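Coordinate-derived values only; no laboratory data. Computed from a predicted model, the values in this text were never measured in an experiment. Using ideal geometry, Cβ is built from the backbone for each residue, glycine included, and neighbour counts are taken over all protein chains shown.
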Amino acid sequence: MTPEENEMSEKQINGGLKTALELGPILAFFVAYIWLKDRVFDIGGTEYDGFIVVTAGFIPVFLVSIGILWALTGHLSKMQAMTAVLITVFGGLSIWFNDPKFFKMKPTIIYLLFGGILGVGLLQGKSYLQTVMDTVMPLTHDGWMILTRRLTLFFLGLALLNEIIWRTQTEEIWVYFKTFGLTAAIFVFFITQSKLFEAYKPEPKD
């Protein structure tokens, strides 16, 4: 299926609802963590701190949210599907081993995978980013290659930054960073690419 056909097959839903389904679970995780961070829960004779309990609640909430999004739009991007798998796997490992480090490593793995996939495409002279986003942000081929190189380095930088934050800072600082810092960084990245979008905008077709 071409990107155009895929775009046509995706049902349109209210933008506010789509944003709520995408960001709601993350904000719910943050609120629940702030509420339960200092509590310890005895479950089946094993003590779990608030972070692990909140992680256990976050996984089904995220999966239900993304399932609703899929049901309403008939489409999930590869990025969303991959994120769902990694959240389930690394969140599950944190719960199973009662160790928060697995869940904290999840953003590192996600950004390394995204950066690595884009990097493989670049080595082949291709922009995999263009394949999935061409209908969203029309650019010339050269523009896509430049944006892909920048985004590859950006993702690898985020992976490194996440490792530094969770390994050297408190758990609470990491939660703030995960909830707001990473989201803001991605937003700022695309805002700063405005000159690129303008310079490499395709000529209108007759």
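Using 7 Å Cα-to-Cβ label points, what is the K78/F189 separation (nm, one decimal)?
The two pseudo-label positions are separated by 1.7 nm.
Quote the charge dipole size of the stretch 100-206 about the Cα centre in Debye, to the nearest 20; the model charges only the Cβ of Lys and Arg (+1) and of Asp and Glu (-1).
Dipole magnitude for the stretch 100-206 comes out near 300 debye.
Measure nothing fancy, just the Cα-based angle from helix 141-168's long axis to the longest principal axis of the chain, in degrees from 0 to 90, nearest 10.
In the chain, helix 141-168 runs at an angle near 10 degrees to the longest axis.
Tilt of helix 50-73 relative to the longest C-alpha principal axis of the chain, in degrees (0 to 90, nearest 10)?
Relative to the chain, helix 50-73 is tipped by roughly 40 degrees.
First obtain the Kirkwood hydrodynamic radius of the stretch 61-140 from its Cα pairs, then insert it into the Stokes-Einstein equation at 37 °C and 0.692 mPa s, and state the resulting D in µm² per second as a whole number.
Diffusion coefficient, whole number: 226 µm²/s.
Once you have the Kirkwood Rh of the stretch 60-206 from its Cα pairs, apply Stokes-Einstein at 10 °C and 1.306 mPa s and quote D in µm²/s.
Value of D from the Cα-based Kirkwood radius: 93 µm²/s.
Which FRET efficiency value, to the nearest 0.05, is calculated for D38 and F180 with the Förster distance at 22 angstrom and r the Cβ-Cβ distance?
Between D38 and F180 the formula returns 0.60.
Relative to a virtual label point 7 Å from the Cα of L153 in the Cα→beta-carbon direction, which members of the stretch 163-206 show backbone nitrogen distances below 19 Å?
185-200
At 0.36 nm per residue, minus the direct Cα-Cα distance, what do V120 and K18 gain on full extension? Give it in nm, one decimal, please.
Here the segment from V120 to K18 would lengthen by 33.6 nm.
Between the helical axis of 78-97 and the dominant principal axis of the chain, each derived from Cα atoms, what acute angle in degrees is found, rounded to the nearest 10?
20
May I ask you to compute the full-extension gain from L113 to A28, defined as 0.36 nm times their residue separation minus their alpha-carbon distance, rounded to one decimal in nm?
Fully extending the segment from L113 to A28 adds 28.0 nm.
Explain nothing, just the number: dipole magnitude of the chain about its Cα centre with +1 on each Lys and Arg Cβ and -1 on each Asp and Glu Cβ, in debye rounded to the nearest 20.
Around 280 debye, computed over the chain.
Could you tell me how far the Cα centroid of the stretch 172-195 sits from the Cα centroid of the stretch 12-88, in Å?
19
With springs only between Cα atoms under 10 Å, which of G16, G121, G45 fluctuates most in a Gaussian network model of the chain?
G45
Ranked by Cβ crowding within 10 angstrom, fewest neighbours first, how are T55, T46, T179, T152 ordered?
Sorted ascending by nearby Cβ count, the order is T46, T179, T152, T55.
For E47 and I164, what is the calculated FRET efficiency with R₀ set at 22 Å and r taken between the beta-carbons, to the nearest 0.05?
So, using R0 = 22 Å, E works out to roughly 0.15.
In the Gaussian network model of the chain, springs joining C-alpha atoms below 10 Å, which of S127, S77, S65 carries the largest mean-square fluctuation?
Ranking S127, S77, S65 by mean-square fluctuation puts S77 first.
Find which of L153, W35, W174 sits farthest along the positive direction of the dipole of the chain, computed with +1 on the beta-carbon of Lys and Arg, -1 on that of Asp and Glu, about the Cα centre.
My answer, from the dipole projection, is L153.
Based on the Cβ-Cβ distance from I68 to A199, what FRET efficiency comes out when R0 is 41 Å, to the nearest 0.05?
Working from the Cβ atoms, E equals 0.60.
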